[in-house]
1. Within the set of pairs 6+ apart or on separate chains, which have a first residue in the stretch 102-124 that is open to solvent by 40 Å² or more (accessible area, probe 1.4 Å), a second that is acidic (Asp, Glu), and C-beta atoms under 9 Å apart?
2. I'd like to check which helices (runs of 4 or more DSSP H) are fully inside the stretch 77-164 and have at least 3 residues that are at pLDDT 80 or above.
3. Could you check, for the stretch 50-69, whether at least one of its residues is of a type outside the set (A, V, I, L, M, F, W, C) and open to solvent by 60 Å² or more (accessible area, probe 1.4 Å)?
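The values are calculated or read from the model by the stated rules, or taken from the named source; none is laboratory data. Nothing here was measured: the structure is a model prediction, and the numbers come from that model. All Cβ positions, even for glycine, are placed from backbone atoms using ideal geometry, and neighbour counts span all protein chains on display. Only protein heavy atoms, including side chains, enter the accessible area calculation; ligands, DNA and RNA are left aside. Shrake-Rupley method; radii C 1.70, N 1.55, O 1.52, S 1.80 Å.
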Amino acid sequence: MKRLFLAIAAATLPFAASASPQLATDWGVKASDLYQETVDFIENVDRSGETAIPAEYETEIVRFAHAAAKLGSWIDGNNGPSDLGCIFRGMAQEGEVQLDALYDAQSPVQTRESLVRLATMFSDAEIIAVAAVYSADHDTPAAPAGIVASCPVSPASSFAALGD
């Protein structure tokens, strides 16, 4: 039930805007903020063993994943680099996986492991956001004809990632 509420809340927040270079920029900035917040949670787990994660942070993970899925579809729909779309879809999925891992964590060690994966993803996302904006600004083409994308788009997984 909590997950359903988070998904509904995430869909109504401004960060869930149309995919564009501006959304990619905003997503990268948010990734930077989430990275720092996640590092703070890791330090708190290390220092005190505290594993409580605020609902607001969980909502931000859902919003981040939702925006990543939109950005992946935007890259694909604009004939952008196929691997970039794949990375966005992977980050959308990883956000959901790690949110589940946080819910299911039974110990500080498990909570910390999930937070470390999230921190790594958020750090990577800062770089990916810059690449997405660059590719849009420079009309970077998708893979040349005849080269199969390493992560072909699956409509079912795209819709699942979006929660539609």
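1. Tyr103/Glu58; Pro108/Asp46; Pro108/Glu50; Gln110/Asp104; Arg112/Asp46; Arg117/Glu94
2. Filter on the stretch 77-164 gives 82-104, 108-137.
3. yes
Quick grid of which residues meet (1) under 25 Å from Gln106 (Cα atoms); (2) of a type in the set (Ser, Thr, Tyr); (3) in contact with a Cys (Cβ under 7 Å, 6 or more places away or on another chain); (4) free of Cβ contacts under 8 Å to residues at least 60 places away in the same chain:
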residue	(1), (2), (3), (4)
Asp46	yes, no, no, no
Glu50	yes, no, no, yes
Pro54	yes, no, no, yes
Ala67	no, no, no, yes
Gly72	no, no, no, no
Pro81	no, no, no, no
